[in-house]
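The values are calculated or read from the model by the stated rules, or taken from the named source; none is laboratory data. Predicted model only: the values in this text are computed from it and were never measured. All Cβ positions, glycine included, derive from the backbone under ideal geometry; neighbour counts span all protein chains shown.
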Amino acid sequence: MDQLDQATNLRKIARQMDRGAAVLERGSGEQEMQEATAVTPQKTKIISITSGKGGVGKTTVSVNLAISLARAGKKVLLFDGDLGLANINVLLGIIPEHNIYEVLKGRKKLSEIIIQTSYGIDIIAGANGISQLANLNEQQRENFLDGLQEIGGYDILVVDTGAGVGANVIGLVLPADDILVVTTPEPTAITDAYGMIKSVVSHGPNGKIKLIVNRVPDAGEAKLVADRLISISNQFLKARIENLGFIFEEAAVQKSIRSQRPYVVLYPNAKSSACIKHIAARLVNAPLEEDAAGIYGFFQKIFNFRGKDE
Ligand SMILES: Nc1ncnc2c1ncn2[C@@H]1O[C@H](COP(=O)(O)OP(=O)(O)O)[C@@H](O)[C@H]1O
Ligand SMILES: [Mg+2]
């Protein structure tokens, strides 16, 4: 599909979205109201996990955080949004029978590919090497959005994303209620995290960014890294960033990855497990904003973002 076609399709999708909003506002005719309520966003909190640099621990954090949130009493869906290097299922030791590719192809409904795991969370497995979520054609978007309407009952959607400030990642990050930026104490990771923060802030959402410093030797180092990044971001970008917590550099984390079982399960008494539990508690206690978009609204915004980008 050429760019012109895509732009036309995007405008069509945007118009459909606007009509939905107008019906909601007008509060007109019963049938219209029923149609509107069918797409009324459910108040599911969306937490996106991202970074500037790759390999800083996003997927490990996503998996262990999702499980910790479930243990804190929340119904959690974990979505593998790293469509380049999908590996949530690898960390969980699961071989998915179906993945998102079949939904995009229209062969399966989204609700049919959700995997219930023995860890108390449900997952949507990613697929390697398929087109980016923000870059789908109209039919694929429709297949995806149609399926979303059947997904309900989740308190939290955790989205693991790829690294970097490319449109495909940013588009997946911006509509979230909480944007968790993961960095390590490495200077390159910090610089790239700053780049990611700059990109997010330049697109609007300020006050949603929360920082996690992974692979630290001690709490002092974590505080140094977080303080520096937060104060520079505040000074130069006017960014308001919350220091959400840190995770230790630990052999238990690597051992758990090798055994394909999350460390909060395999090593519940490891220091890193306590750290993640602390981070989960902070997220659970933060109230959800009034204007939260829910799962459906989240993905609508992803597709819409791409539209503005072109
Ligand atoms: N807290 C930690 N302690 C030790 N090693 C870690 C820790 N977090 C991540 N790692 C290492 O970093 C690697 C990359 O982690 P991963 O979660 O896949 O990163 P990303 O998703 O950001 O690419 C892991 O395979 C593991 O070896
Ligand atoms: Mg990853």
Next item on the list: Could you check, for region 205-213, whether at least one of its residues is within 16 Å of ligand 2 (Cβ to nearest atom), touching a residue at least 40 places away in the same chain (Cβ under 8 Å), buried (at least 21 other Cβ atoms within 10 Å of the Cβ) and assigned to a strand (DSSP E or B)?
Entry: yes
Margin query: I'd like the residue in region 66-103 that is touching a Gly at 6+ places or on another chain (Cβ under 7 Å) and without any contact (Cβ under 8 Å) to a residue 60 or more places away in the chain and, out of all such residues, is nearest to ligand 2 (Cβ to nearest atom).
Written below: Ala86
Check: What's the number of the condition Glu290 fails, among (1) of a type outside the set (Lys, Arg); (2) at pLDDT below 95; (3) within 18 Å of the chain's Cα centre (by Cα)?
Finding: (3)
Next item on the list: Take region 51-66 and flag every residue that is more than 7 Å from ligand 1 (Cβ to nearest atom) and either part of a loop (DSSP other than H, G, I, E, B) or polar (S, T, N, Q) (or both).
Entry: Gly52, Lys53, Ser62, Asn64
Notebook entry, point to check: Name the residues in region 180-191 that are more than 16 Å from ligand 2 (Cβ to nearest atom) and either β-branched (Val, Ile, Thr) or within 12 Å of Lys210 (Cβ to Cβ) (or both), would you?
Noted result: Thr188, Ile190, Thr191
Margin query: It is to be established whether one or more residues within region 82-92 are within 16 Å of ligand 1 (Cβ to nearest atom), crowded, with 22+ Cβ neighbours inside 10 Å and of a type outside the set (A, V, I, L, M).
Written below: yes
Check: Within region 225-238, can one find any residue that is assigned by TED's automatic domain parsing to the domain that holds His203, assigned to a strand (DSSP E or B), surrounded by 14 or more Cβ atoms within 10 Å (Cβ to Cβ) and away from ligand 2 (no atom under 16 Å from the Cβ)?
Finding: no
Margin query: For region 114-188, give me every one of the strands (runs of 3 or more DSSP E) that falls completely inside it and has 1 or more residues that are at pLDDT 80 or above and over 21 Å from Glu97 (Cα atoms).
Written below: 156-163, 178-183
Notebook entry, point to check: Looking at region 67-76, is at least one residue hydrophobic (A, V, I, L, M, F, W, C), in a helix (DSSP H, G or I) and in contact with a Lys or Arg (Cβ under 7 Å, 6 or more places away or on another chain)?
Noted result: no
